[in-house]
Amino acid sequence: MYPEPSSPELDVFKERAAGPARPSHTPLRPTWCCRTDGQPWPCGEARLLLRVEYEHNRTGLPIYLAGLMCEAMRDLYHLNPHDAPTPPALFSRFLAWTRPATAPSGPPIMQLWSRKTGL
């Protein structure tokens, strides 16, 4: 006999199936490590979750992360100014992965020009 869809037994079953609550992949400040896996934030899982969350707001994601990058710079340089990540490293960590990996658009002549000039 299976529990009814709205029964308390089913709720207990769902809680047990879900397992223990794990912390989300959010930054632990001021070190900016992931609360779940200890990797530099945003970790791989956090990036996936952020992409899903901002799926319909592609411009909002880099804007949000740029603000967090500024906060991370302040925190990390305050903790240890001589051993903090460089600005290019923080850019790669927070923002570079948000750019779409697509080929240049436009007429073929523009694609050739952009390859030749590097723009």
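Here are the numbers for the structure shown:
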quantity	calculated
Gain on full stretching of the segment that runs from Tyr64 to Leu28 - 0.36 nm per residue minus C-alpha separation	11.3 nm
Of all accessible heavy-atom area on region 40-89, the percent that carbon and sulfur account for (1.4 Å)	61
FRET efficiency, Glu45 to Tyr77 (Cβ-Cβ, R0 30 Å, nearest 0.05)	0.70
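The values are calculated or read from the model by the stated rules, or taken from the named source; none is laboratory data. Computed from a prediction, not measured in an experiment: that's the story for all the values here. Ideal geometry is used to build each Cβ from the backbone, glycine not excepted, and the neighbour counts take in all protein chains shown. Areas reflect the complete protein model, heavy atoms only, side chains present, ligands, DNA and RNA absent. Shrake-Rupley method; radii C 1.70, N 1.55, O 1.52, S 1.80 Å.
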